[in-house]
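Derivation of every value follows stated rules applied to the coordinates shown; laboratory data play no part. All values derive from a computational prediction rather than experimental measurement. With ideal geometry, Cβ positions are generated from the backbone for all residues, glycine too; neighbour counts draw on all protein chains shown.
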Amino acid sequence: RGRGVEDNQQAIVCGLLIAQELKAQGITPDLSLGLIFVSDEETSSRYGIHYILKTHADLFGPDDFVVVPDYGVADGSSIEISEKGQLWMCVEVLGHQCHASRPQEGRNSLVAAADMILHVRDLESIYAQVDPLFQPPCCTFVPTRHEENVPNINSLPGKDVFYIDCRILPGISHDDVLASAREIMEAVAERHGVTVDITTMTNAPASPATPPDSEVVLRLSAGIREIYGIEPHCDGSGGGTVAVGFRDMGIPAAVWASVVPTYHLANEYSLISRTIGDAQVLARMLFD
């Protein structure tokens with residue numbers, strides 16, 4: 001148990017099991033097997049898959065079948081073919097620091113930031129479109145991280161910084177969302193007599209979806225039926241896998257795994273039985 005066990009060391013072990021078994025059995029499959037291990041998938045993939053696609057694009061071609069084992073459901077029935085766009089905002093609120101016993105002499109950035117956090121959900125009503133391919137089927141706007149402000153209790157903070165994780169449905173402009181967020185936060189800032197600045201930490205619009213009838217999806221579906229005995233279906237996710245880079249290149253990519261799921265939980269874990277089963281599914285794709 002531990003962070004990274006399922007997300008995504010399960011996939012690493014799965015790929016290595018296939019390669020090990022092919023070598024041990026002396027088997028040459030109908031399709032060649034390539035394994036790519038990359039970094040920083042949780043933080044935009046700038047130094048991982050995007051770097052590889054930029055500097056070694058010759059490694060990949062339009063006839064490749066790309067499977068990213070980084071998303072799924074417990075029974076393995078879900079094949080992800082589309083992802084929401086990612087927009088991560090940093091909101092910096094500037095007031096005026098003073099002694100907490102004389103609050104009238106300052107402008108409390110924490111109170112203003114708290115008010116702004118409560119207004120983040122205003123974006124949900126502005127961008128209320130629904131796409132049933134995704135779960136949840138709407139855009140999500142979630143305040144997440146908050147930086148430390150003053151180190152002592154008896155100081156009124158003059159600066160507060162918090163972050164918003166936005167997952168945007170395909171077809172919705174990230175620039176429009178950013179403009180709406182600024183309008184909302186600036187109105188709150190004016191009421192509190194503070195200033196606010198919003199910058200983007202990640203801004204990755206949604207990529208073209210992988211067609212559900214693409215060869216990679218059909219081969220993967222056949223393997224799932226044979227190994228797990230279930231009927232798979234296609235859906236979308238909140239975004240952030242390395243499939244985005246391939247889809248931007250016009251290479252269809254399917255994201256699939258059978259996961260508990262416990263990703264991003266304190267006691268993350270995976271099932272060895274599922275790692276083996278997933279390896280069998282992916283190995284099945286290598287044979288006509």
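A few comments on the model shown:
- Over segment 82-222, relative contact order from alpha-carbon pairs under 8 Å, at least 6 apart, %: 41
- Taken over the Cα atoms of segment 1-157, the convex hull encloses 212 Å³ per residue.
- Here is how the number arises for the chain: DSSP H runs of 4 or more residues each give -39500 (n - 2.57), the sum is divided by the residue count, and the result at 222 nm is -9500 deg cm²/dmol.
- Only alpha carbons enter this Debye calculation for segment 133-186, each as an equal point scatterer, and the log10 of I(q)/I(0) it gives at q = 0.17, 0.26 Å⁻¹ is -0.70, -1.10.
- Nearby aspartates and glutamates by direct alpha-carbon distance to residue 84 (threshold 17 angstrom, same-chain neighbours under 8 apart not counted): 41, 42, 70, 124, 131, 165, 175, 176, 235, 248
- Of all DSSP bridge pairs formed entirely within the chain, close to 75 percent run antiparallel.
- Packing rank of 60-71, 12-23, where each peptide gets the mean count of other beta carbons within 10 Å, highest leading: 60-71, 12-23
- D (Stokes-Einstein, µm²/s), Kirkwood Cα radius, the chain, 1.567 mPa s at 4 °C: 61
- Helical segments meeting 20 Å axial Cα length and Kyte-Doolittle -1.0 threshold in the chain (DSSP H): 10-25, 174-192
- All alpha carbon pair distances within segment 88-234 were sorted into 10 Å bins beginning at 0; the resulting P(r) in whole percents reads 10, 31, 23, 16, 11, 6, 2, 0.
- For segment 180-245, the spread of Cα positions along the three principal axes, ordered from largest to smallest, is 64, 22, 16 Å.
- About the Cα centre, charge dipole magnitude for the chain (Lys/Arg +1, Asp/Glu -1 at Cβ), debye: 580
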